[in-house]
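This report concerns only the one structure given below.
The values are calculated or read from the model by the stated rules, or taken from the named source; none is laboratory data. All values derive from a computational prediction rather than experimental measurement. Using ideal geometry, Cβ is built from the backbone for each residue, glycine included, and neighbour counts are taken over all protein chains shown.
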Amino acid sequence: MGQEKFFEIKSRPLVKALTIATSDSGGGAGLQADLKTFAALGVFGLSVVTAVSAQNSYEVTGLECLSPGLVREQLRAVFSDMGAGAIKIGLIGNAANARVVGEFLRQMSPRPPVIVDPVMVSTSGHVFLEKESIEALMELNPWVSLLTPNIPEAEFLSGLKIKTAEHMEKAGQVIRDKWGLKRVLVKGGHQEGEYSSDLLVEPQGLVWFKSLRVKSQNNHGSGCTLSSAIAAGLAQGLDLGPAIEAAKEFVASAMADSVQVGRGPGPLNHFYKFYSFG
C-alpha cells in the first residue's frame with residue numbers, strides 16, 4: 001500500500017456490547033457477523049459462545065452446543081469485570097443454555113437493553129431449534145427489550161400466515177401479547193416489493209421503518225447483522241427508533257457491497273466504509 005493511509009485513526013468513547021450466539025464457520029452469520037457489526041460501528045465486542053456450527057455458504061452439516069456450565073462461566077467472566085452497554089442474543093442452541101442465559105438475565109441489576117434474534121432455521125433450511133428449545137428461548141421475554149423475528153419466524157410464533165402489511169401488523173401484535181413481550185420488530189426482508197419494510201409493535205402503537213430494497217442474493221447473516229446493529233446503537237445511547245433506522249441503513253449499505261465467498265449466498269461486507277472486495 002506504500003504511503004497510502006489505510007484509515008484515519010479517531011479517538012472515541014469506549015462502548016461495549018455483548019453477543020450471546022453460535023459460531024458460524026463460514027464467517028457470515030452468528031457470532032462472527034455480530035462481532036464484525038460491533039467493530040464496524042465503533043463498539044467493542046464481547047462474546048459468549050453457546051454452540052459451534054459446521055457450515056458454509058450453502059449448507060449446515062453440524063451443530064454442537066457448549067455445556068451450560070461453560071456458558072454460565074462466560075457470562076460471569078464478562079460481567080464480573082467488563083460489563084456491556086447492550087446484549088444481543090442469537091442462536092443459543094438448546095433449552096439448557098437458554099435457561100442458563102435466562103437465569104443470568106433475571107439476576108442482573110441494572111440490566112442493559114437485550115435484543116433477541118430468534119434464529120430457528122438457517123437460510124439453507126437447517127432446523128436449529130426444536131420445540132422445547134424455542135419455548136425455553138421465549139422464557140427470556142420478561143427481560144427482553146426487543147424481539148426481531150423475520151417473516152417465517154413471525155409466522156411460527158404467531159400461528160398466522162403473513163402475506164401483506166396487514167398480516168404483519170396482526171402477527172406482530174399476536175406475538176407481543178401471546179409471548180409477553182415489550183416490543184417486537186417484524187422484519188419484512190422476505191417480502192417482495194421495492195421497499196424493505198419492518199414493523200415495530202410497541203405499547204405506544206405501530207411504527208413502520210421503510211428503506212429501498214437491495215437486490216442481492218448475498219444476504220447471509222443479514223438478520224444477525226440488523227439485530228446486532230440495533231444493539232450497538234442502543235449501547236451508544238440511541239433511542240430505539242433511531243437505532244433501528246441506523247441499523248437498517250447499515251445493513252442496506254453492507255449488503256449493497258456484499259461478496260460471494262463460496263457457491264451459495266455470500267455475506268455482507270460489514271467494513272464497506274473501509275474497503276470493497278474485488
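Could you list, in sequence order, the residues of segment 127-159 that are within 17 Å of Val174 (Cα to Cα), part of a helix (DSSP H, G or I) and either touching a residue at least 24 places away in the same chain (Cβ under 8 Å) or touching a Cys at 6+ places or on another chain (Cβ under 6 Å) (or both)?
Glu135, Met138, Asn141, Pro142, Ile151, Pro152, Glu153, Ala154, Phe156, Leu157
In segment 5-26, what count of residues is obtained for those that are surrounded by 17 or more Cβ atoms within 10 Å (Cβ to Cβ) and modelled with pLDDT of 95 or more?
Within segment 5-26, residues that are surrounded by 17 or more Cβ atoms within 10 Å (Cβ to Cβ) and modelled with pLDDT of 95 or more number 10.
Modelled with pLDDT of 95 or more and touching a Gly at 6+ places or on another chain (Cβ under 7 Å), is that true of Ala235? Step through it out loud before you land on a result.
On the way: modelled with pLDDT of 95 or more: yes; touching a Gly at 6+ places or on another chain (Cβ under 7 Å): yes.
Judged against the criteria, Ala235 is a match.
If the requirement is being crowded, with 24+ Cβ neighbours inside 10 Å, part of a helix (DSSP H, G or I) and either modelled with pLDDT of 95 or more or acidic (Asp, Glu) (or both), which of these qualifies: Ala33, Ala77?
Values: Ala77 fails: crowded, with 24+ Cβ neighbours inside 10 Å.
Selected residue: Ala33, the only one of Ala33, Ala77 that is crowded, with 24+ Cβ neighbours inside 10 Å, part of a helix (DSSP H, G or I) and either modelled with pLDDT of 95 or more or acidic (Asp, Glu) (or both).
Quick test of your reading of the structure: Ala39 fulfils all but one of (1) surrounded by fewer than 21 Cβ atoms within 10 Å (Cβ to Cβ); (2) over 21 Å from Gly223 (Cα atoms); (3) not acidic (Asp, Glu). Name the failing condition by number.
The number of the failed condition is (2).
In this structure, is Val201 among the aliphatic types (A, V, I, L, M), under 23 Å from Pro112 (Cα atoms) and over 17 Å from the mean Cα position of the chain (by Cα)?
Answer is yes for this residue.
Here are some residues: Ser258, Ser222, Ser227. Which one is of a type in the set (Ser, Thr, Tyr), modelled with pLDDT of 95 or more and touching a Gly at 6+ places or on another chain (Cβ under 8 Å)?
Ser227
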